[in-house]
Ligand SMILES: Nc1ncnc2c1ncn2[C@@H]1O[C@H](COP(=O)(O)OP(=O)(O)OP(=O)(O)O)[C@@H](O)[C@H]1O
Ligand SMILES: Nc1ncnc2c1ncn2[C@@H]1O[C@H](COP(=O)(O)OP(=O)(O)OP(=O)(O)O)[C@@H](O)[C@H]1O
Ligand SMILES: [Mg+2]
Ligand SMILES: [Mg+2]
């Protein structure tokens, strides 16, 4: 099947008064219809900036998509597209569930009108009354009780999880081909979360919707997604199917990340494992492996040159000097729960 | 625990918000609990069940419609000016929506310094030093002091909210989803920090979160809310291993498990039936419309919260 989205050499920087912040550094990936790609990684590693770049949603911030970046949606380059064409893609081509509901919902408009507005910009023929009926139906789908009352509420009158579900309703309103979901369920309790994920899965089965899912919850990642992409300091350091990442992770950052999942059997208030060291400085150019200062396996070469991605299968690859044919063989930590350790 | 002083006591708290057509949103509907010094009280429950509203009433942000909050035995309304200042310093909140609570025109440094100026008389240099210490604690470098909220990632903003709350050295913190936007490693770092501060300084927390494993890890006791009411209350281990209320059982069956070969999404206990609304709650047990064990009695009379074992409270006719 053809890729619906192809991202090639995407780099995004913020030109700030302290210098250039290189938030996304030469990232390439693709997405097929009906497929779910999860992006995981440390807080601040560039997940949100990557997915916002896909729709050029930077508002008036000083973000620059660097020369040479390509974002091909059905073959058309979003990076170079005219504003009007871009506007047509937003909503009905690509829908977005944002990480911060409070900033993306309009505080001065009731949530019903906001959903209706979304529906009507992409379907000019629909009557207002039908659009309102649709809005009520959508709120019901995301599990909000008394939807016909709730459409009259302003965002501040809703709980955190209700606001998040309003955003999900807006994103799915126009049945887009791709839904980008940035931490879509952080404010939901586990039962409603499962219900919402099931709803999204239904969309995928019925309409072949593709998903890009950004989340810190590895429980969701391993259940909901097909492929996983691990980011560190604006780069993809490892990618693979969920089974490859679970059973055979190869990058030391992936190991550290998987090791941070709290283990069962831990006593209350015991110290939890966390990755030592400070997060990388995104102002620095990429001359070495950004994880090297925190890596237990770092070699002299890691601090001198940045590793290139090495393919391990059609779907699995990682950027780490340990994969070089001349590198010493190291064993991955025995504490990883799913890994096949000999 | 028993010799410990009670810091907060919530007595029959109710909060009703007016809705259109003369209806009322019964966000919190007769909730009582107390929190002792040095303990972590976890609060979990369905989205929209009233957790944030409870936290805000403890802080005096929302006046209760009925009932009262006692802080060290005193009603919040009876504090004099001096006591009020003391309350503002000692009782802090980490907000659920990190962006909405950070002033977009202020730099991160001044956001964290604000409380320091009000409560401690520090000079410029000492203030900067404190700000840097706070940033470092939450895993941010001192460069972030000169940045603005919109220039940060979701998790970085959340950590600024944590740093701001910790900066004034409070005694009690309402933590409303404090780690929801953080990756697992930084979650661990923050939770370790909170536990360490609690050990060293005897801090007290109300910890609101949807992450049930983390709530279990950090809390001493856990309360489960459903549609404005407390339906179960017990020690952290008991509630995980021996939940009695059917809502608690369903909730704890849906904890995500990081394993591609087991689908927690499909294996969970499903809640069927109509989802009730705080605008028109059922007259009897609020969970009755979705409960598999529901009887006539459940539909008619609301079950009281009663102690079924020492320290284990549950509101269900069928237990
Ligand atoms: N407007 C901006 N100006 C300057 N720097 C920014 C801006 N927006 C984001 N950044 C920086 O870019 C980096 C990547 O941010 P991004 O929001 O993509 O992180 P993230 O991976 O989504 O993290 P989180 O999991 O915490 O949401 C961060 O270090 C952040 O500080
Ligand atoms: N300012 C307000 N005006 C009107 N209704 C409100 C207001 N604040 C909260 N509510 C209502 O009170 C109820 C409880 O909301 P609350 O924010 O306490 O829930 P919560 O348990 O924190 O949920 P979540 O887990 O989704 O954050 C909801 O029905 C909400 O719509
Ligand atoms: Mg983000
Ligand atoms: Mg809340």
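The values are calculated or read from the model by the stated rules, or taken from the named source; none is laboratory data. Remember, predicted model here, so these are calculated numbers, not experimental data. All Cβ positions, even for glycine, are placed from backbone atoms using ideal geometry, and neighbour counts span all protein chains on display.
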Subject >> Single condition residue B:152 does not satisfy, out of (1) under 22 Å from residue A:41 (Cβ atoms); (2) away from ligand 3 (no atom under 16 Å from the Cβ) >> reply: (2)
**OP:** Those residues that are assigned to a loop (DSSP other than H, G, I, E, B), touching a residue at least 60 places away in the same chain (Cβ under 8 Å) and over 21 Å from residue B:25 (Cα atoms), I need them from region B:266-317; list them, please.
**Re:** B:305, B:311, B:315, B:316
**OP:** With a cut-off of at least 3 residues that are over 11 Å from the mean Cα position of the chain (by Cα), name the strands (runs of 3 or more DSSP E) lying wholly within region B:30-101.
**Re:** B:66-71
**OP:** Quick one: in region A:151-170, of everything that is buried (at least 23 other Cβ atoms within 10 Å of the Cβ) and in contact (Cβ under 8 Å) with a residue 40 or more places away in the chain, which residue is nearest to the other protein chains (Cβ to nearest Cβ)?
**Re:** A:160
Original post:
Restricting attention to region A:184-202, which residues are more than 7 Å from chain B (Cβ to nearest Cβ) and within 16 Å of the chain's Cα centre (by Cα)?
Top reply: A:184, A:185, A:200
**OP:** Could you list, in sequence order, all residues of region A:250-266 that are out of contact with any strand residue (DSSP E or B) (no Cβ under 9 Å at 6 or more places or on another chain) and at the interface with another protein chain (Cβ under 9 Å from one of its Cβ atoms)?
**Re:** A:256, A:258, A:259, A:260, A:261, A:262, A:264, A:266
**OP:** Would you mind telling me which numbered condition in (1) within 14 Å of chain B (Cβ to nearest Cβ); (2) outside any loop (DSSP other than H, G, I, E, B); (3) surrounded by fewer than 22 Cβ atoms within 10 Å (Cβ to Cβ) residue A:57 fails?
**Re:** (2)
Original post:
Considering only residues of region B:225-254 that are part of a loop (DSSP other than H, G, I, E, B) and more than 16 Å from ligand 2 (Cβ to nearest atom), which is nearest to the other protein chains (Cβ to nearest Cβ)?
Top reply: B:253
Original post:
Residues in region B:256-271: is at least one closer than 25 Å to residue A:270 by Cα and touching a strand residue (DSSP E or B) at 6+ places or on another chain (Cβ under 8 Å)?
Top reply: no
**OP:** Return a yes/no flag: does region A:172-183 have any residue that is touching a strand residue (DSSP E or B) at 6+ places or on another chain (Cβ under 8 Å) and either more than 25 Å from residue A:33 (Cβ to Cβ) or not assigned by TED's automatic domain parsing to the domain that holds residue A:42 (or both).
**Re:** no
Subject >> Options A:20, A:67, A:6, A:35: the member that is in contact with a strand residue (DSSP E or B) (Cβ under 8 Å, 6 or more places away or on another chain), more than 20 Å from residue A:221 (Cα to Cα) and away from chain B (no Cβ under 14 Å) >> reply: A:6
**OP:** Within region B:191-214, identify whether any single residue is within 16 Å of ligand 2 (Cβ to nearest atom), within 8 Å of chain A (Cβ to nearest Cβ) and touching a residue at least 40 places away in the same chain (Cβ under 8 Å), and answer yes or no.
**Re:** yes
**OP:** Check region B:98-115 and report whether any residue there is within 14 Å of ligand 4 (Cβ to nearest atom), in contact with a helix residue (DSSP H, G or I) (Cβ under 9 Å, 6 or more places away or on another chain) and under 20 Å from residue B:29 (Cβ atoms).
**Re:** no
